[in-house]
Structure formats: C-alpha cells, structure tokens
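Peer 1: Before anything else, here's the structure in question.
The values are calculated or read from the model by the stated rules, or taken from the named source; none is laboratory data. As the structure is a prediction and not an experimental result, all values here were calculated from the model. Cβ placement follows ideal geometry from the backbone for every residue including glycine, while neighbour counts extend to all protein chains displayed. For accessibility, only protein heavy atoms count, side chains too; no ligands or nucleic acids. Shrake-Rupley method; radii C 1.70, N 1.55, O 1.52, S 1.80 Å.
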Amino acid sequence: MLKLFLTCAFALAFIPQAVAQTLPAKASAPRPVSAFAKLPFMSGPQMSPDGTRVLTKLAVNGESVLSIVPIANAAKPILIGIGDNDLLDWNWVNKDWIVARLGDEALIENEPFYVTRVVGISADGKTIKRLAARDPGQNAEVIWTASDGTPRILMSVQKSVYFGLDFWPSVVEVDVSSGSIKKAADSVTGVFNWYADADGVVRMGIGYEDRTRKTRTLYRANAKSPFSIISSADGKTDQTLIRPATFPKDGGPAITFSDHEGYWRLYELDLTTMLPGKTSFGVAAYDIDSFTQHPKTNQILGVSLTTNRLRMQWLDPKLAAIQTSVEKTLGNGQYATIISYDADLNTILLEVGNAAQAGAYYIYTAATGKLARFAISNDALGMEKLGPVSTVKYKARDGLDISGVLTLPIGRDPKNLPLILLPHGGPIGIRDAEGFDWWAQFLADRGYAVYQPNYRGSGGYGRAFERAGDGEWGLKMQDDLNDAVDHLSKIGTIDPKRVCIAGGSYGGYAAMRAAQRDGAKFRCAVSYAGVSDLQALKESNGRSFLYANSFRSFFDKRTVDMKAVSPLNFPEQFSTPILIMHGAKDKRVPVSQSRKLASKLTTAGKDVRYIEQPKADHFFSREEDRLQFLQEMESFLAKHNPAN
C-alpha cells in the first residue's frame with residue numbers, strides 16, 4: 001500500500017548561468033558508457049505561477065526525485081522522497097502548494113490492485129498530506145487546479161473498491177492547504193473520467209460499458225444544468241467519439257479533437273448538432289499530438305505535432321515570438337521548445353538542443369529579454385554534437401511508404417557501415433522521430449549506424465497507416481523491418497552482412513521474432529522487456545473486469561493467430577545469438593515473458609544470454625539498470641557484430 005515519505009534538502013551543482021556553446025562534431029575515442037546511461041537531469045519541469053521556482057523530477061544519485069528548484073538559488077533544491085511509490089504526475093496549485101499523484105500495488109482480498117493517491121506538498125517541502133484520505137477506493141486524480149491563486153483543486157475519487165455506485169468516482173473540491181472537501185459532482189454509473197472548465201465547473205464525463213463496448217459523453221452547459229448524453233461511439237466498429245475538447249464561455253462553438261477525416265486535427269464543434277465544423281488546426285499527412293490551453297480562459301495557446309521531429313506550433317503570438325527569437329539567438333541549428341511558463345507568461349522555461357545533443361534548459365524573461373541557461377540535461381555529454389541524425393524514407397515490399405530515423409557514427413564514411421536496427425516499442429500509435437535518443441547515440445558512438453523504422457501501425461501518420469498494422473504483428477510489421485535493412489543496403493549505407501536488431505517492449509518482441517523467424521538476416525538480437533507469448537499477455541490484461549472485452553479486442557486485432565507469431569512457441573527455430581534482459585519489477589510486461597523464453601532456449605541448446613535486473617522496471621527509471629544494460633549490450637555486440 002502507499003506509504004508516506006520524508007522531505008529533505010540537498011545541495012546540487014546546477015549549471016552556471018551562461019549561454020552554452022555547441023562544440024563541433026568530430027571523431028574521437030568512444031565516450032564512457034556511463035555518459036550515455038545517465039538519467040536526464042530534469043524530467044517534466046513546470047514553472048511556478050509566480051515564476052520563481054521549477055517543480056521537476058531531478059536525477060539524484062542515479063534515481064529520479066521530485067524536487068522544487070528555486071531559480072535564484074538553483075544549487076539548493078528541495079528534494080521530496082516518495083519511497084517505493086511510483087511518481088505518476090505533479091503540478092503546481094499556486095505559489096505555495098503543489099500536488100503529486102502516487103501509485104503502488106496493494107493486495108485487496110489477496111488480489112493485486114494498482115492504487116493511486118494524491119498528496120499535497122507545501123512549496124517549502126515542510127508539509128505533506130494525503131488528500132481525500134477518508135476515501136479508501138482504488139484511484140484518485142486531479143482534474144483541475146484553480147488559476148486565481150487559491151489552493152483549490154478538483155479531484156476525481158473512488159469511495160470503494162467494491163462494485164456499486166460508490167465504485168464510480170465522484171468529484172470533490174479540495175482546499176490543499178486545509179484539506180477541507182466539498183462535493184462538486186456525484187458519481188454516475190459507468191463514468192470514470194470527468195472534465196472541468198477553466199472556472200472549475202465539472203462539465204463533462206466519459207462513460208464506458210465493457211459489455212457493449214460503447215462509450216458515451218455526458219455534458220452540461222453550466223453548474224446548474226443536469227448532465228445529458230450528447231454523443232456516443234461503438235467500440236466494436238472503431239467509431240470516433242465526438243466530444244468537446246474545450247468548453248466555450250460565450251455560447252460559441254467548442255473545439256473537438258478528432259480523426260474522423262483520417263488525421264487527428266482540431267475542429268470547431270456545434271454542441272447542438274455534435275457535428276464537427278471547419279478545421280481549426282491541422283497539417284497535411286500528420287496527426288496532431290496534443291494541444292495546450294490557457295488555464296484562465298481555456299483558449300488554445302499551441303499545438304504539438306511530430307513531423308520529422310517534435311514541434312510546438314504556438315498560436316499565441318507572444319509565445320510564438322519568444323520561441324522564434326530564442327532559436328535565432330542560439331543559432332547552430334538548435335531548436336528551442338517552450339516547456340512551461342508562469343501565470344503572466346513572463347518567465348519562460350525552454351528546452352534547447354537538437355537530435356544530436358543531449359540538450360539543456362534555459363529561462364527567458366520576457367520583461368527584460370534576458371536568456372540564461374538553467375541546467376544541462378546530461379553533464380557528461382554537455383552540449384557536444386554527437387552522431388548526425390536524419391529521416392530516411394523507403395518503400396515496403398507491398399508499396400507502403402515508411403520513414404525512419406537514421407543515426408550515423410561521427411567521423412566515419414557513411415558507407416558500408418555495420419547496422420543496429422532499433423524498432424520502437426508500443427507499438428500501436430507510437431513512433432520515433434529526430435530527437436536525442438540515448439540508445440541510438442550510444443550505439444553510434446561505438447561505430448554503428450542505427451536505424452529506427454516507423455513500421456506500419458506506428459502513430460502520427462494518420463488512421464490508415466496505423467490500421468495497416470491490424471493483424472500484422474510478427475508478419476508484415478516484421479517484413480517492414482527487413483525491408484528497411486534491404487533499403488539501407490541498396491543505397492550503400494550499411495553492410496547487409498553486419499546487421500543486428502535490438503529493442504525494448506514491442507521492440508524486444510520484434511528482436512525475439514527476428515531471431516526466430518529471420519535469423520539469416522541478423523547476426524544477433526537484443527531484447528529488453530520483450531514479449532515472447534502474446535496469448536499470455538492478452539490473458540493477463542483481459543482479467544480487468546472493467547475493460548476485459550476492450551483489452552481482448554485490442555489483442556485480437558493484432559494478429560489472427562497469436563500462437564503462430566509468439567517466439568516462445570518455437571525455441572528450436574532460433575538461429576542467431578540473442579541477449580535477453582528484463583526487470584523483475586516490470587509492471588507493464590511481466591518478467592515471466594523473458595524468463596520462460598530464456599529457459600526454453602537454454603534447454604534447446606541455443607546461444608542465449610539472460611540477465612534479470614532485480615530492481616528494474618519497464619522504463620529504465622534507474623541509472624544503474626541503464627548502465628548494466630548498455631555494458632551488456634556493448635559486450636554482446638562486440639562479440640557477434642563488431643563495429644570495426
């Protein structure tokens with residue numbers, strides 16, 4: 001169960017306040033493995049409403065710690081320990097309070113349940129309290145924070161873990177400073193997700209019934225109106241649920257986020273007809289990833305999308321001008337992305353760098369035009385330019401256009417290079433783009449070309465491309481990987497006789513499947529947290545009584561025959577050496593997926609090395625686990641596919 005924690009202050013060395021210089025890329029001796037294994041110094045930073053502090057996860061002694069960093073005295077952040085709990089998200093409430101959502105596994109009637117709770121933390125780190133502590137349900141989350149400076153939030157809270165009306169979350173308003181609670185919205189059967197407008201009025205709930213796989217939108221115009229169903233969608237036919245993404249104040253059209261025309265875009269929405277109108281924002285051939293709203297007005301300030309790289313398209317003129325100005329000032333091909341800002345849009349936190357740099361954070365003060373560096377993401381790599389990164393496109397054997405990310409070693413002629421094929425995880429709806437990647441840059445530093453193909457089923461390229469992956473796990477999705485190798489060989493970039501495949505999660509599955517199905521094409525394979533038995537993964541996910549049918553349907557769409565594409569069932573077919581690693585604390589893919597395969601391969605006399613990391617999770621959250629993985633992979637590749 002969730003445990004309370006201690007708060008303490010430590011001294012850390014932040015980067016001096018100066019604009020960084022980009023060092024030229026040049027060939028050099030391999031950098032220490034530890035340089036690439038370092039955790040990002042800051043993760044998910046958020047500027048305080050008054051612009052004086054940054055709330056973030058900091059890398060401290062190889063682990064990530066929730067921290068409050070004073071901008072004027074960054075060398076002395078307040079570090080907030082959370083024990084063994086997962087830190088799921090964190091937000092400023094006002095200048096004096098923050099909230100954080102924690103998660104952990106708990107036994108309820110001898111069954112493991114993942115439980116989430118919300119805690120309030122004073123900005124000086126001296127006071128920590130669990131919010132809505134009297135409610136013993138399974139989940140709690142923050143759905144709104146006040147923008148008027150008061151310490152108020154809205155929380156969606158379950159009151160019971162047992163099925164019934166109290167099982168479905170209601171919404172309460174909580175004063176974080178005092179802990180006082182008052183009701184904001186009653187629970188509704190089937191509704192798990194609630195949404196509020198900028199004023200803190202609960203305006204919408206999304207309900208789902210797993211038996212019918214139908215989703216519905218409950219909506220009201222104001223706090224005095226009752227909720228009514230305004231739209232629905234049938235999951236059996238993959239209908240898109242049309243619902244408001246913003247809540248209009250003046251009776252004008254709302255905005256909806258929809259892919260009903262094939263790509264995720266923003267549209268005006270008439271709430272009387274629930275029909276999308278003209279496009280508010282969209283780009284040709286790519287999906288929108290997300291959008292950012294002004295906390296006081298609900299106005300859309302900017303849109304995030306991924307073309308060849310992640311971009312933030314600011315619709316707010318002030319933020320757009322700042323981002324452009326900073327990029328012009330820095331030069332050297334560096335990109336600046338606004339990450340967070342204070343309530344007045346005066347103190348702006350930006351992430352700066354490019355795909356060949358680990359990057360840094362800068363603070364821009366709009367009132368003075370001053371730009372100062374705040375922190376380096378990786379002090380071992382600094383802002384040095386590493387392997388050059390570009391997008392390379394190719395055609396699959398059936399004519400489908402596919403793109404991917406190529407990272408090259410510095411100082412080597414980009415011809416006839418050894419290759420590490422690095423398919424991404426997910427896999428559905430996920431993609432790789434030009435951006436700093438510690439796996440890819442480590443491998444390039446060792447002399448390999450690295451290619452990350454966005455095979456069919458990847459996200460960001462529209463509905464048709466994503467659905468092209470339906471039924472193709474281990475089949476055409478695997479063919480796409482082989483076709484990538486053939487293309488890079490055809491254009492002369494790589495030596496087809498010196499290719500290995502590596503990946504994590506689904507990428508680990510792809511590496512296992514390649515070693516089993518296409519061993520003649522790869523000299524070796526590396527799997528981290530991979531899936532070897534699709535049927536077992538389906539069954540473990542299908543035990544959820546709330547979403548069992550949805551989970552089962554998801555896996556049924558992945559392939560027509562799970563046993564036929566599960567590497568676990570064919571140990572005798574493995575024909576290339578494989579390194580398998582997995583974290584014992586992985587909550588996403590059970591460690592048994594790797595244990596069982598390694599055991600079967602050993603029994604079959606195959607060339608397999610299996611390493612289980614006792615404290616590792618699915619996401620490389622600990623630096624020690626990253627380091628061990630890179631060291632093992634380097635040694636394995638040097639033996640089976642040396643770069644030189």
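Peer 1: Which one of these is touching a residue at least 60 places away in the same chain (Cβ under 8 Å), crowded, with 16+ Cβ neighbours inside 10 Å and not aromatic (Phe, Trp, Tyr): Gly411, Gly359?
Peer 2: Numbers: Gly411 fails: crowded, with 16+ Cβ neighbours inside 10 Å.
Result of the check over Gly411, Gly359: Gly359.
Peer 1: Please specify each residue of segment 88-107 satisfying the condition of being open to solvent by less than 60 Å² (accessible area, probe 1.4 Å) and either among the acidic types (Asp, Glu) or more than 21 Å from the chain's Cα centre (by Cα) (or both).
Peer 2: So the first thing to find is which residues in segment 88-107 are open to solvent by less than 60 Å² (accessible area, probe 1.4 Å), and the list is 89-94, 97-104, 106.
Selection gives Asp89, Val93, Asn94, Trp97, Ile98, Asp104, Ala106.
Peer 1: So if I check each of Gly81, Gly62, which one is in contact with a helix residue (DSSP H, G or I) (Cβ under 6 Å, 6 or more places away or on another chain) and either surrounded by fewer than 17 Cβ atoms within 10 Å (Cβ to Cβ) or at pLDDT 95 or above (or both)?
Peer 2: Numbers: Gly81 fails: in contact with a helix residue (DSSP H, G or I) (Cβ under 6 Å, 6 or more places away or on another chain).
After ruling out the rest, the residue left standing is Gly62.
Peer 1: Can you name the residue in segment 274-316 that is within 21 Å of Ala196 (Cβ to Cβ) and β-branched (Val, Ile, Thr) and, of all such residues, is least open to solvent (accessible area, probe 1.4 Å)?
Peer 2: Ile300
Per-residue answers, yes or no, for (1) touching a residue at least 24 places away in the same chain (Cβ under 8 Å); (2) out of contact with any strand residue (DSSP E or B) (no Cβ under 6 Å at 6 or more places or on another chain); (3) open to solvent by less than 40 Å² (accessible area, probe 1.4 Å):
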position: Asp50; (1), (2), (3): yes, yes, no
position: Val54; (1), (2), (3): yes, no, yes
position: Pro77; (1), (2), (3): yes, no, yes
position: Asp86; (1), (2), (3): no, no, no
position: Glu109; (1), (2), (3): no, yes, no
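Peer 1: Could I ask something else about it? Looking at (1) touching a helix residue (DSSP H, G or I) at 6+ places or on another chain (Cβ under 9 Å); (2) open to solvent by less than 20 Å² (accessible area, probe 1.4 Å); (3) of a type outside the set (Val, Ile, Thr), which one does Trp264 not meet, given that it meets all the others?
Peer 2: Of (1) touching a helix residue (DSSP H, G or I) at 6+ places or on another chain (Cβ under 9 Å); (2) open to solvent by less than 20 Å² (accessible area, probe 1.4 Å); (3) of a type outside the set (Val, Ile, Thr), only one is false for Trp264: (2).
Peer 1: How many of the residues making up segment 153-176 are part of a strand (DSSP E or B) and under 28 Å from the mean Cα position of the chain (by Cα)?
Peer 2: Step one: list which residues in segment 153-176 are part of a strand (DSSP E or B), which gives 153-157, 170-175.
Then drop every residue that is not under 28 Å from the mean Cα position of the chain (by Cα), which leaves 153-157, 170-171.
Qualifying residue count, segment 153-176: 7.
Peer 1: Let me ask you something else. Could you run through segment 129-177 and say how many residues are crowded, with 17+ Cβ neighbours inside 10 Å, of a type in the set (Lys, Arg) and under 24 Å from Asn94 (Cα atoms)?
Peer 2: Summing the residues that are crowded, with 17+ Cβ neighbours inside 10 Å, of a type in the set (Lys, Arg) and under 24 Å from Asn94 (Cα atoms) in segment 129-177 gives 1.
Peer 1: Pick from Ser180, Ser228: which is over 27 Å from Asn91 (Cα atoms) and open to solvent by 30 Å² or more (accessible area, probe 1.4 Å)?
Peer 2: Details: Ser180 fails: over 27 Å from Asn91 (Cα atoms).
Step by step, each of Ser180, Ser228 is checked, and only Ser228 is over 27 Å from Asn91 (Cα atoms) and open to solvent by 30 Å² or more (accessible area, probe 1.4 Å).
Peer 1: I'd like to check something: does segment 281-304 contain any residue that is under 30 Å from Ser458 (Cβ atoms) and basic (Lys, Arg)? Can you show your working first?
Peer 2: So the first thing to find is which residues in segment 281-304 are under 30 Å from Ser458 (Cβ atoms), and the list is 281-293, 300-304.
Pick out the ones that are also basic (Lys, Arg) and you get none.
Within segment 281-304 (the criterion being under 30 Å from Ser458 (Cβ atoms) and basic (Lys, Arg)), the answer is no, since none of the residues qualifies.
Peer 1: Which residue is farthest from Ser280 (Cα to Cα), if the candidates are limited to segment 237-257 and must be small (Gly, Ala, Ser) and open to solvent by less than 30 Å² (accessible area, probe 1.4 Å)? Full working, then the answer.
Peer 2: The first filter runs over segment 237-257 and keeps only residues small (Gly, Ala, Ser), leaving 245, 251-252, 254.
Still in the running and open to solvent by less than 30 Å² (accessible area, probe 1.4 Å): 245, 252, 254.
Numbers: Ala245: 12, Gly252: 14, Ala254: 10 Å.
Among them, the one singled out is Gly252.
Peer 1: Considering only residues that are in contact with a strand residue (DSSP E or B) (Cβ under 7 Å, 6 or more places away or on another chain), among the hydroxyl-bearing types (Ser, Thr, Tyr) and surrounded by fewer than 20 Cβ atoms within 10 Å (Cβ to Cβ), which ones fall in segment 581-620?
Peer 2: Thr602, Tyr610
Peer 1: Here's another thing I want to ask about it. Identify the single condition in (1) crowded, with 17+ Cβ neighbours inside 10 Å; (2) assigned to a strand (DSSP E or B) that Ser187 does not satisfy, given that it satisfies every other one.
Peer 2: Status for Ser187: all satisfied but (2).
Peer 1: Search segment 190-218 for residues being in contact with a helix residue (DSSP H, G or I) (Cβ under 9 Å, 6 or more places away or on another chain), open to solvent by less than 50 Å² (accessible area, probe 1.4 Å) and charged (D, E, K, R), and hand back the single one that is nearest to Asn139 (Cα to Cα).
Peer 2: Here the answer is Asp210.
Peer 1: Hey, another quick one. Are any residues in segment 377-401 in a strand (DSSP E or B) and crowded, with 21+ Cβ neighbours inside 10 Å, and if so, which ones?
Peer 2: Taking segment 377-401 and keeping what is in a strand (DSSP E or B), we get 389-395, 401.
The one that is in a strand (DSSP E or B) and crowded, with 21+ Cβ neighbours inside 10 Å: Val389.
Peer 1: A follow-up question, please. Being open to solvent by less than 10 Å² (accessible area, probe 1.4 Å) and modelled with pLDDT of 95 or more is the filter here; which residues of segment 425-444 pass it? Spell out the reasoning first.
Peer 2: Looking only at segment 425-444, we keep the residues that are open to solvent by less than 10 Å² (accessible area, probe 1.4 Å), and these are 427, 440-444.
Of everything in segment 425-444, those that are open to solvent by less than 10 Å² (accessible area, probe 1.4 Å) and modelled with pLDDT of 95 or more turn out to be Ala440, Gln441, Phe442, Leu443, Ala444.
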